[in-house]
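Quick notes on the structure that follows.
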Amino acid sequence: MIVDRDHLPQELADLPEELFVRVKDRPEMDQVSKVRADSFYMDAFRRLMKNRVSVLSICVVLLIIALALLVPQISGYGYTEQNVKLKNIPPRIPVLEKLGIADGTRTVIGVKPSALNNTSRYPEGSVLKVLRTYTVSGKEACDALVDMYVFAGVPEGKYYFFGTDYLGRDIMTRLFKGTQISLLIAFISVITNLIIGVVYGSVAGFYGGTVDIVLSHLAEVLDGLPYIVVTILFMLLLGSGMFSIILSLTITGWIGTARLTRAQYYRFKGREYVLAARSLGVPDRNLIFRHILPNAIGPLITRTMIAVPSAIFSESFLAYIGLGIKPPEPSIGVLLSSGQSVLLQYPYQTLFPAILISVLMVAFNMLANGLRDALDPSERGRLQ
Amino acid sequence: MKKVWGLLLAAVLLTVLCACAQAEKVLHIYLKDDCPTMNGQTSVESSINTPMTYCGATLYRAIPTEDGMGYEFIGEIADGMPEQVDKNTWHIKIRPEACFANGEPITADTIVYSLKTGLDPKLTNAMADFISSQAINIKNAKAYSIQTEAEPVAWEDVGIRKTEDGCLEIITEDEVTQMDVCNHFTTRAMVPLYEPLYEAGMNEDRTKSDYGLTVERWMSSGPYKLTKWVYKSIQVYERNEHYWNPDLCHYDRVEVNIIPEANARMEMWERGDLDLYTPDPSALEQYIDDPRIEEIGSLTVYHIDVNDKNPDNPICSSNNYRKALYYAINRPVIAKEIFGYQEAVGTYVNNQAGIYSPSGLAYRDSAQGKEVTEMVESWGPAGYNPEMANKYLDAAYEEFGMPKDTVLTLIIGYNPNEASWKPTAEYLQEELPKVFNGRIRLKSVTYSTSTTEFKKGTDQWDLSPNDWSRTLSRTYPHAAFYYFTSGYANHPNVYVDAEFDAQYAVCDSDEVRMNYDRLLDETAKLEKIYLDKVIHIPVCQEVGYELYSDRVVLPMKQYLPVIGWGLPYGDINE
Amino acid sequence: MFKYFLKRFAAMLVTLFLILTLSFWVIRLMPLSIFENPDISPEIQQKLEEKMHLHEPMVVQFGYFISGVLTRGDFGTSVKIRPGMDVLEIIWERVPTTMILNAASLILAIPLGILAGTIAALKRGKMTDNLISFLIVIFISVPSFVFASLLQYLFTLQWPVFPTLYLTHASTTGQIVASMVLPVIALSLGPLATIARYLRGELIESLSSEYMLLARTKGLTRGEAVVAHAFRNSLVPIANTIIPLITGIMGGSLVIEKIFAVPGIGGLLVDSIMAGDHFLTVALLMMYSVTSLLTIFIIDVSYGIIDPRIRIGGGQE
């Protein structure tokens, strides 16, 4: 029976509103399959929440975001606040310092005794212990344990949890401010890439033929230029800064997404349900975005999740070759590359940013894995 | 069974070889970046100086004296010191035993060929002006190398030729001293070219030669010869058995590793793989109290250029504004804490200017130079005085009818790959607003190319860190300022001043240059004008630091500029 | 098939020419001039510019360049990095070292990556999987400059087992081989992790597919089914990650080559851009473009053979 919405039979039109319940609001399970009749996304979300690793990684990501927003406000130091007299001071953390870890001391090696005894160089009380005395090139030298907080004259009760950098700035504050900036760069560039890539890939994949050839070759030309060249060009033209970095991350970054989307189209556009929709006269726009695209959502979300940490990663490479964000603004990459240059003398300057970027990466990757499983249509409805 | 014997034999041989290798005296040094070429005429990179000391001969060479307290010039390719024939003509005898590493003799013809090629207008060598006009100006040489259509110059008119008795004759444009002539012929652009290889590497239209680009295309002539060169990895030098003075060198081999990474350099030094280590600024803190550390002098004074043509800065043309900035720079902190144990200076002429002069008195140590230093110190430590800075800023604002509490944002442009300037810029960004009570703010613009390119591209900058060493001279103190006069057409510092130019011309005139005492007076006047006009802002005098391994025996008992500790002439003591 | 192959090849040549033109113009329009160097006196600078035809209009310069490339294969002469050297010679001088190291790192990375990925997939969700996945993420997440520096510090200073630098001059071959160990390890971490991660993902998908179920119902053991069906099916997408690694062995790693002082091609591109050595930059760009196009071409053609449905321009239906 074909029913016209405007000419409903009387008995249907008279049905009371209460009888209509949205499927997902219905509390009971489907009687046959014992599965809740949820929407696809509800179901995926529920399965995501069942996965302990995914939940943990979501918590970690949220925690880092919270720290990135909070720490720069409450650390007591500004992220550009300098004190060059207190430069390169090692970490000192209350409680831990009692255990001999992070107690603000450093072993200085190969110092001449006259310098050690010179109180204008090493203030009284700064040299805790002379560990070893020996001769190099016929001259006397010694190794000593020095309390760098006394050495630099840090006021009593002042702590630098992660130490300070080459201008005496608090690394903890800078690290979390840097996380803020790095995440912002990553999110903006990834979302831009996603949008461009999906639209471009959809058009190429859906229409095929000449359109596909032209679009694929355009992407090929762009991809043929090494990304570092494109990046440097942007830096030279626009000056370094957040905008140039985001632009350079997007200029070729969308191509992968576009390829993925295109491949998904080739996989699904021949399916019967698409044919059915098309023969019903569904416009191309709806076919693309309503009927085919949702199939590609799983891989796309996974890819996007992995793209966030790789954007942070790319940014740190740019910082290493001197094309990072404009100083004095910090980013994880900037901190890592400036830490790497003094890795031997002040390892803590690399340690903390490296830990943070790793945790962030692990969390995002695990989350991506979890999402992949959750969004996998073949797993749908499985409770265990 | 045979195999076993073979293996044993191999093992014994290997042990013997190893033992031999250990008995060899090998000097291990390093370069941060490799030389683009061995041909000292085609590249301006100063890294070429190191290989040229070992494998390049020049007419003259500075070597340590017997007692290790000083150094002297000896004729290397030349036989004895240059002789002055008349006012502008010098004769240089060539040592009969002078030869290339393959035994072929170096004659006056070789030198004339090398100089002619160096100046060749078609080849256009980047270092041509080091041949035509460095310590001395050779007659018509510059005009020959530039060769304009309006006034073509023939090679016959250039003041370089061979005399009939096989000497080299040099005619200068103006009168010079014997020391100037010696100095002129010690640079890397003066190393003789080996004609057969040079010609073999020439292209069809004679516009370039690939001489010196690989070890096969290069002929050594110095005390050592280049035997292996893997670009960006290692240069190996071995004794040149044809060298006329075998006593000059004591190493059997010199290995120059190319180590671009600061951490790797430090590790190599800590492992004992290097005989010389120059700590990077970031590593200096760790070595500054090392009993082995040696201070060495330098010609470089770091400074900050100030733009007077920024369209966005209303007061940039004001002298008061420039002065305000001069007083606002906290040089002692920057020199010690950021550059790392450098010497803060409020003046510009370096410590070594003048040590080559007839009296050997450096300008900075002369009464005239000291007077200027004292004047600067009277303003504040190395000229840092926040009060004066504010006073001059007030005056500048008043001059342009602006309210005293105007907030001005200046642009500081710098290369973030420069290890000391980057933190300095960050420091100033934080510090200048404090000095001026928030009235001056700094915004940074970073660029990854050379300073010149940045400045040629835009006028929208106010401060730009810089350093200059190319035209500096150890003979003439005033030469430090040459780069900042309108005479140097290529300089990126767009600020020129007529009074300053005029005083520079006075210093550079023949009669003042030839009279050192006069020169000191005039240079002091020049430096005062420099300070008054704030041609740019001096920051600190570079001080180098070196560590030597204990197996090296150095021929010098004290550090001297020019020759340093005389490492190339040292020995190895196992 | 052959016609498709030809079509793709012709398209590649067109793309290459487009890239060549684009890179020439873009590089030359950058705010960098070749000879602006305060160390070179102004008169000489002007002479040098005339010698390189820099005073002529861009179109004429492009004409000179293109005719040089097409008639003599001449990409020009370097002006800053190695003044006077033919740019192709500069590239060939450095490529072999990079290729040796990269090849060695791939020989290490590909089998290990496949092994790690397979184990992780088979032990999905178990401790082994978690450990491998964690290590993979660490390898991917810590930037190579930190990792390489750390390796160098640990194994050359802390426990001096290997030489600090990549040696090209040593008394024994053993030393040279020993000096290759650290750079090769540092270079292989990235590819290893990438391969393992992709393979794990693909295998997991294959393992849960219907054909696996079918294979098991046919009576194959789990091992047989994995090797004969799941593994083979996963290798096709994995080729996607491995082919670029193989074609890319000519391009060096800027970071690792700098840290271990490897005289390879790694930092050359960035150096030449920064130095304004334009002819060298364009030649290098061409090299990288050819590599990347060749990669796409190989992948595409192999796809065309394996799965005709995803040929480029395969029609609307």
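Derivation of every value follows stated rules applied to the coordinates shown; laboratory data play no part. As the structure is a prediction and not an experimental result, all values here were calculated from the model. Glycine gets a Cβ as well: all are built from the backbone with ideal geometry, and neighbour counts include every protein chain shown.
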**Request:** Could you tell me what % of all Cα pairs in segment A:65-214 have separations over 28 Å?
**Result:** 46 percent
**Fill in**
With label points set 7 Å from each Cα along the Cα-to-Cβ direction at B:Lys228 and A:Ala66, the distance between them in nm comes to 6.0 nm
**Request:** Calculate how large, on average over all directions, the projected area of the Cα convex hull of segment B:10-167 is; give the answer in nm² to one decimal.
**Result:** 14.5 nm²
**Prompt:** Taking the inverse of the average 1/r across all pairs of different Cα atoms in segment B:347-486, what Kirkwood radius in Å do you get?
**Reply:** 17.7 Å
**Request:** When you have a sec, figure out the Kirkwood radius of segment A:263-384 from all distinct Cα pair distances and drop it here in Å to one decimal?
**Result:** 17.8 Å
**Request:** Would you list which lysines come within 25 Å of B:Lys93, measuring only between C-alpha atoms, while excluding same-chain residues fewer than 8 positions from it?
**Result:** B:Lys116, B:Lys139, B:Lys142, B:Lys162, B:Lys225
**Item:** Within chain A, helix-based [θ] at 222 nm, where runs of 4 or more DSSP H residues each add -39,500 (n - 2.57), nearest 500
**Value:** -18000 deg cm²/dmol
**Request:** Give me the net charge of B:Gly438's neighbourhood, meaning all other residues with Cβ under 13 Å from the Cβ of B:Gly438; Lys, Arg count +1, Asp, Glu -1.
**Result:** +1
**Message:** Ratio of alpha-carbon Rg to the 2.2 N^0.38 Å globular estimate for chain C, to two decimals, please.
**Reply:** 1.24
**Prompt:** According to the Kirkwood expression over distinct Cα-Cα pairs, how big is the hydrodynamic radius of segment B:87-145, in Å?
**Reply:** 12.9 Å
**Item:** Translational diffusion of segment A:156-257, µm² s⁻¹ [Kirkwood Rh, Cα pairs; Stokes-Einstein; 37 °C; 0.692 mPa s]
**Value:** 201 µm²/s
**Message:** On C-alpha positions alone, give me the angle between the axis of helix B:262-271 and the longest principal axis of chain B, in degrees, nearest 10.
**Reply:** 50 degrees
**Request:** Express in % the proportion of alpha carbon pairs of segment A:86-146 at distances exceeding 19 Å.
**Result:** 38 percent
**Complete:** Using eta = 0.890 mPa s and T = 25 °C, Stokes-Einstein with Kirkwood Rh from Cα pairs puts D for segment C:92-221, in µm² s⁻¹, at 145 µm²/s
**Order of B:Arg217, B:Arg551, A:Arg290 - criterion: other Cβ atoms within 10 Å of each residue's Cβ, fewest first** = A:Arg290, B:Arg551, B:Arg217
**Request:** Report the Stokes-Einstein translational diffusion coefficient (µm² s⁻¹, integer) for chain A, Rh taken as the Kirkwood radius over Cα pairs, at 37 °C with viscosity 0.692 mPa s.
**Result:** 128 µm²/s
**Complete:** Relative to chain B, whose Cα atoms define the longest principal axis, helix B:498-508 and its Cα axis are tilted in degrees, nearest 10, by 30 degrees
**Request:** Determine the equivalent ellipsoid of segment B:78-181 by diagonalising the alpha-carbon gyration tensor, then write out the semi-axes as square roots of 5 times the eigenvalues, largest first, rounded to whole Å.
**Result:** 23, 18, 12
**Message:** Loop only by DSSP, 15 or fewer other Cβ within 10 Å of the Cβ. Give me the GluC sites (Glu not before Pro) in segment B:38-103 that pass, ordered by residue number.
**Reply:** B:Glu66, B:Glu97
**segment C:43-114: trypsin sites (Lys or Arg not before Pro) in DSSP coil with no more than 11 other Cβ atoms inside 10 Å** = none
**Prompt:** Over the Cα atoms of chain B, Rg to Rh with Kirkwood Rh, two decimal places?
**Reply:** 1.00
**Prompt:** Kirkwood Rh, Cα Rg: Rg to Rh for segment B:290-350?
**Reply:** 1.12
**Prompt:** Of all the Cα-Cα pairs you can form in the protein assembly as shown, what percent are over 58 Å apart?
**Reply:** 24 percent
**Prompt:** Looking at chain A, do any whole DSSP H helices span at least 20 angstrom along their long axis by alpha carbon and average 0.5 or above on Kyte-Doolittle, and which?
**Reply:** A:52-74, A:171-207, A:209-224, A:293-320, A:348-375
**Complete:** Here the net charge surrounding B:Ala367, from other residues whose Cβ is less than 13 Å away from its Cβ (Lys, Arg +1; Asp, Glu -1), is -3
**Request:** Return the long-range amide H neighbours of B:Tyr30 (sequence gap of 5 or more, or a different chain), with a cut-off of under 5 Å between placed amide H atoms.
**Result:** B:Asn257
**Fill in**
Per GNM of chain A with C-alpha springs under 10 angstrom, the most fluctuating residue out of A:Ser316, A:Ser114, A:Ser75 is A:Ser114
**Complete:** So the compactness index of segment B:189-228, its C-alpha Rg divided by 2.2 N^0.38 Å, takes the value 1.20
**Request:** Compute the long axis of helix B:367-379 from its Cα atoms, compare it with the longest principal axis of the Cα atoms of chain B, and write down the angle in degrees, 0 to 90, nearest 10.
**Result:** 50 degrees
**Message:** What three numbers, in Å, describe the spread of the alpha carbons of segment A:272-324 along their principal axes, ordered from the longest?
**Reply:** 57, 18, 11
**Request:** Please find the FRET efficiency linking B:Lys434 to C:Lys123, where r is the Cβ-Cβ separation and R0 is fixed at 45 Å, and quote it to the nearest 0.05.
**Result:** 0.15
**Prompt:** Around B:Gly56, what is the net charge, scoring Lys/Arg as +1 and Asp/Glu as -1 over all other residues with Cβ under 14 Å from its Cβ?
**Reply:** +2
**Request:** Could you size up the charge dipole of the protein assembly as shown around its Cα centre, putting +1 on the beta carbon of Lys and Arg and -1 on that of Asp and Glu, and report it in debye to the nearest 20?
**Result:** 6420 debye
**Complete:** Residue ranges of DSSP H helices in chain C that stretch 15 Å or more (Cα, own long axis) and have mean Kyte-Doolittle hydropathy of at least -1.0 are C:2-29, C:87-122, C:127-141, C:173-207, C:232-247, C:278-306
**Request:** Scale the Cα Rg of segment C:167-247 by the rule-of-thumb value 2.2 N^0.38 Å and send over the ratio, two decimals.
**Result:** 1.65
